[in-house]
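The values are calculated or read from the model by the stated rules, or taken from the named source; none is laboratory data. Keep in mind the model is a prediction, meaning the values are calculated, not measured. With ideal geometry, Cβ positions are generated from the backbone for all residues, glycine too; neighbour counts draw on all protein chains shown.
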Amino acid sequence: MHLLRLALASLANRRFTVLLTVFAVALSVTLLLAVERIRSEARVSFASTISGTDLVVGARSGPVNLLLYSVFRIGNATSNIRWDSFLHYAEHPRVSWAIPLSLGDSHRGYRVLGTNQVYFEHYHYGHGQPLRLAEGRAFADDPFEVVLGAEVAQALHYRLGEHIVLAHGVATVSLVQHDDKPFTVVGVLARTGTPVDRTLHISLAGMEAIHIDWHSGMPAQGTARISADESRRRDLTPKAITAFLLGLDSKIATFTLQREINDYQGEPLLAILPGVALQELWSLMGTAEKALFVVSLFVVLTGLIGMLTAILASLNERRREMAILRSVGARPWHIAGLLIFESTFLALAGVSFGLALLYFGIVIARGYLQANYGLYLPLAWPNLHEWILLGGILLAALLMGCLPAWRAYRQSLADGLSIRL
């Protein structure tokens, strides 16, 4: 107890250096815990990009590629799926709902998705959260209506009733515009923190209408273009789509229907379980995730080394203090224990202050992170893994404190009394 009081008094006497050391340790602890929280929540958010969908079906390729273009709007499909193949499984007795997806166009770098009303009813994300409209309504009978994702509307400053022109292809700058068939903004979806926010949603009829006078992926040459009014009177049933999502009436039927789709004789199809494909995709990013964690550990190590440097630098200034303590009866292990107490207290104060900074940061930033990135950071006590990390930091500080303690232990009484100031 006397050593503890003496250690606290010694630290108070060097309060400015102590505060800087504690602040450095606290910042490193805050960074480590923040990275861990964001890593774990990013994994949860990543896995929750699509929720409640039992199967994702596309042309036969790879599971990760199918997931990337159908859910994350990254890359392109190897080929399309015939419309009758979609109808075959949409009418399957075990299928509760089916959402067609048609991709291939864009608007100022944002992907355009052709789908139907079922998309707004059954597409879920997060923990089973449905899509909600922040403004307006979903597209209806008119094929030239578009519903914007929240990020598209915010970034491009679009409002309800505005007319926009879609572009063929997915490049940021496209040379081929569907300028003869503009779309009207009729709705804006609430922010989800998923690729939905970066997507423009049109009907399958609208997707078919803008390509009605195209042949082999190019505008028809030498013939009159079909106007928007005339295309409304045409049959706009799609001939092919990019992929589709299925919700089944029973989870037990998932694997059976997956095998049936993969063995479909009509055309080569691939059905994947989104959860399994998401885990496979996340594992591909595991190296970057671990690298971020290692960098955070090195930041903590740097903070602890700063603490060790501050204690070692003060030893020469405190040699007379140590000698006086020895002269009044303190033993060498008392001197060593004093320095170990100081290093442990510095680390404990840094960890406590770091936790306070972490929770303060969560309170300030949680709304922004959830709204813009779909990351929900709970204001909860540290979990077991975080407690282990904090315990490891305190143990490392204790071990580091042994170095100055060993040096002080070896300083003799005569050396301390004879030092010249």
Screening Ala42, Ala140, Ala134 for residues that are free of Cβ contacts under 8 Å to residues at least 60 places away in the same chain and outside any loop (DSSP other than H, G, I, E, B) leaves only Ala134
If we keep only residues of segment 94-114 that are of a type in the set (Val, Ile, Thr) and within 26 Å of the chain's Cα centre (by Cα), then the residue surrounded by the most Cβ atoms within 10 Å (Cβ to Cβ) is Val112
Exercise. Does Leu389 fit the bill of being in a helix (DSSP H, G or I), at pLDDT below 75, surrounded by 13 or more Cβ atoms within 10 Å (Cβ to Cβ) and within 31 Å of the chain's Cα centre (by Cα)?
Worked result: no
Filter segment 254-286 for residues that are surrounded by 17 or more Cβ atoms within 10 Å (Cβ to Cβ) and among the small types (Gly, Ala, Ser); the one that is nearest to the chain's Cα centre (by Cα) is Ala277
| Verdict on Leu133 being within 25 Å of the chain's Cα centre (by Cα) and either in the same structural domain as Leu66 (by TED's automatic domain parsing) or farther than 25 Å from Val57 by Cα (or both) | yes
